[in-house]
């Protein structure tokens, strides 16, 4: 807490809230944009201690704050970050000023309320990644739904009512059982404090049901294959900034949930369900890829490609080895950067063409070279081109997968090829396709404002692509500890759970996983 | 008999208010507006009630008890009465000559509820219940030029009379079976069917009267119709305060409801049916008051979750939840009453475009609706959280799961309120509004209270917790 002289995480969570309250009293739309931009820059500055004072090589939580909230009920205000959450917090904060910039002319009415929603959203998202108290986590997790709902429902596209309702119903319905699981953990473990809950062992039958309840909430958020249908609808209808937050931050929470809660609290159940979850992940990778191939709407295409990318992410998580989980975290980070950037660019081109159809945005290469330059960079990264950031994540996940099982590895490979197919098809049409859409319409190339919000993301894309070492150094200690804990506790539970449930399958899976894990590292 | 006027100050004060209003109904003079006078008096009454928190005594030959439970509930009743009478001051459908009578009946009903929260003897309970009910029977038809209101009143009286009769019948069984009517003595007796069949049956029948007040399934049929037929302001009162009276008695009787007893299981089953039925029926409604009617049926079911836990925490959770319920419903009705300038019923479509016409009302409605869903960081969430946590591993885990699944069902219709207010465009001839800046300010205070209680439930919950601890140490 005292690393920077002030409680960094609390400041990061509450500063946007305070800014939103002040913003409420401002009258003019233009003023509210400038104010929010200034607030978001301050927020970025407030986050600097996270970069400066984060201790590399330490697996424990840092910047910890712990204040009792309702001691009678075991509630505390407990925050902290480790290698798993640090990058997500940073990404959330980095995305905020870009969202303000990319909505500068995109949002034409009620700009003040829009920015209030953005700020609320940011503080809830940071809260989700920092909370170490289960109920505090749940509070942030649910609180984020309302501003997101409003972002889609008020400022969205033509089918915004349908999309926003679907988003809200899906995600809230999925997380109601999460609350039951949380309460059950309280009764079993005696506290809501995650750092203490992590150290307890739970019987296998308990883990079995708790995992199912949590996994439903997280799988919907990711979204994993059969639960993904809200995502394309929400992405297509949301305003640019909404899509960016959705893609960069919101859907990462599902994967984060698997890592932070399922892996630490229900390790044995996680191992038991791994084959099913892996199968769903691969289904998502292939399904997302094939559906993306058939899209004529740019935004929809990117939305379905997110399903595929997040499939890689969950695939990596359920490999339970260092490379896989590392890869999953890198996919989370890189997908956030690249897809966020692509959604901003779609917003930018939409402001020119007023259409998201590929057919209305073709042949831009000659007329908008800077735009296509950035678009090409992000497209290539998205399909996993070596030397750019997404490659790092996908490669690590695939290394992890092959390390575990050749069978799963070969099943996932077509997904990577599909990625190349749909992204290149899109890139080729947008660059060289005929007839060229901008011909004779006087579309301008990127403005300074657009350069400002794209350039940092482009730099990150190349930097992480060429030198992922620093990112991995942050991630590794926490991941190693996570996996080590999980291994010891999964084995411990399986022994005590010998007499109940589907023990044979469990033991076999465990054996297979633990043996191959040992030889591959 | 130890009698101390200071201890029963809230109800004595309320009686004085009633006397004042009674004088106004007799006097032809109309120089003072009965509504404003009642609201001001109720505001003072709230302070009086706060001042009398913390008393402890047993009076009137053991029939009347001043303790943590009674004072906590009296506080909520005084608060609810203050807001409800403030809300009723501007009432377009109330004829001018009837104004003093209306507020007299309102105050009388609140007085009955205050007596109810201190009664610890079955016959006293019965009489207090009747005082509060009879005033309501007369209150509901007071909606000028409206046949629906008369119909609603008849439904309410008929249902009420039957429920009361059943209740009285049950009281006879209990007296015959257990030979006492004092709760403290009853709590020590066996209540299983095997040991005391007559008394157990009697208790269920006796509780029927309170289920009727609470609108718990299958005693809920009057609820949406009465909300629908009575004026918006009356509905705001009927939807909130009488539930307090029912819950306080259930909380007091909960000492007899050990987990595993047939009666407790019956409560759990009724609770589960109530929430499921209420939520499913609400999905199909288009009138906002009917939606809130079915929503209150569902919330009656949620309260049962805390009662079946039969622990001090469960009882305090139920008491706290009913407070939260009153708070968020008052906020919701506040919006309806001020949205409907001419006193007509508000349909879902009337909410269209509210966020442009009146951003403050839309915001209050959104906070109240999300709180009714149980979404953090509102009071509705923390209330539900206490309920579910206290009931887990107390023998009715299935009820907890049913309650959470019901949350998922209920999202749709609560969200519908917000959706109409925020995403639909206003109709060509929207409903005329009558929201003064002062009214908006009170509404915003209510909404802020919903949020503050949600984030920092401690101070109020501690009162509820102390109340629970006195009943089940």
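Considering segment A:85-106, and only residues there that are surrounded by fewer than 22 Cβ atoms within 10 Å (Cβ to Cβ) and not in a helix (DSSP H, G or I), the residue that is farthest from the chain's Cα centre (by Cα) turns out to be A:105. Any residue at all in segment B:435-458 that is within 12 Å of another protein chain (Cβ to nearest Cβ), under 19 Å from residue A:138 (Cβ atoms) and touching a strand residue (DSSP E or B) at 6+ places or on another chain (Cβ under 8 Å)? Among the residues of segment B:435-458, at least one is within 12 Å of another protein chain (Cβ to nearest Cβ), under 19 Å from residue A:138 (Cβ atoms) and touching a strand residue (DSSP E or B) at 6+ places or on another chain (Cβ under 8 Å), which makes the answer yes. Close Cβ contacts (under 6 Å, 6 or more residues apart or on different chains) running from residues in segment A:156-177 that are closer than 27 Å to residue B:400 by Cβ to residues that are surrounded by fewer than 18 Cβ atoms within 10 Å (Cβ to Cβ) and modelled with pLDDT of 85 or more comprise A:173/B:408; A:176/B:408.
Would you check if residue A:131 is within 12 Å of chain B (Cβ to nearest Cβ) and over 20 Å from residue A:265 (Cα atoms)? Quick ask: steps written out before the conclusion?
On the way: within 12 Å of chain B (Cβ to nearest Cβ): yes; over 20 Å from residue A:265 (Cα atoms): no.
For residue A:131, the condition - within 12 Å of chain B (Cβ to nearest Cβ) and over 20 Å from residue A:265 (Cα atoms) - is not met.
Among the residues of segment B:436-473, those that are buried (at least 20 other Cβ atoms within 10 Å of the Cβ) and modelled with pLDDT under 80 comprise B:467, B:468, B:471. Just to be sure, is residue A:134 under 30 Å from residue A:42 (Cα atoms) and crowded, with 24+ Cβ neighbours inside 10 Å? Yes: the conditions hold for residue A:134.
Hey, among A:44, A:18, which residue is outside any strand (DSSP E or B) and farther than 30 Å from residue B:460 by Cα? Answer to the selection: A:44. When residues in segment B:100-129 are screened for being farther than 19 Å from residue B:65 by Cβ and surrounded by fewer than 22 Cβ atoms within 10 Å (Cβ to Cβ), 1 of them pass. Residues satisfying the criterion are absent from segment A:155-162 (criterion: within 21 Å of the chain's Cα centre (by Cα), at the interface with another protein chain (Cβ under 9 Å from one of its Cβ atoms), part of a helix (DSSP H, G or I) and closer than 22 Å to residue A:122 by Cα). Could you tell me which of the residues A:65, A:113 is within 14 Å of another protein chain (Cβ to nearest Cβ) and in contact (Cβ under 8 Å) with a residue 24 or more places away in the chain? Sole residue among the options that is within 14 Å of another protein chain (Cβ to nearest Cβ) and in contact (Cβ under 8 Å) with a residue 24 or more places away in the chain: A:113. With respect to residue A:206, determine if the residue is outside any loop (DSSP other than H, G, I, E, B) and at pLDDT below 90. Against the criterion (outside any loop (DSSP other than H, G, I, E, B) and at pLDDT below 90), residue A:206 qualifies. Checking each residue in segment A:163-192 for being surrounded by fewer than 20 Cβ atoms within 10 Å (Cβ to Cβ) and more than 10 Å from chain B (Cβ to nearest Cβ) picks out A:166, A:190, A:191.
It is to be established whether one or more residues within segment B:353-364 are crowded, with 24+ Cβ neighbours inside 10 Å, within 14 Å of chain A (Cβ to nearest Cβ) and part of a helix (DSSP H, G or I).
As a first pass, look at segment B:353-364 and keep what is crowded, with 24+ Cβ neighbours inside 10 Å: B:354-355, B:361, B:364.
From the residues that got through so far, the ones that are within 14 Å of chain A (Cβ to nearest Cβ) too are B:354-355.
If we keep only those that are part of a helix (DSSP H, G or I) as well, we get B:354-355.
Yes, the conditions are met somewhere in segment B:353-364.
Scanning segment B:385-425 for residues that are farther than 30 Å from residue B:358 by Cα, within 8 Å of chain A (Cβ to nearest Cβ) and part of a helix (DSSP H, G or I) yields a total of 8.
The values are calculated or read from the model by the stated rules, or taken from the named source; none is laboratory data. Remember, predicted model here, so these are calculated numbers, not experimental data. No Cβ is skipped: glycine too gets one built from the backbone with ideal geometry, and neighbour counts run over all protein chains shown.
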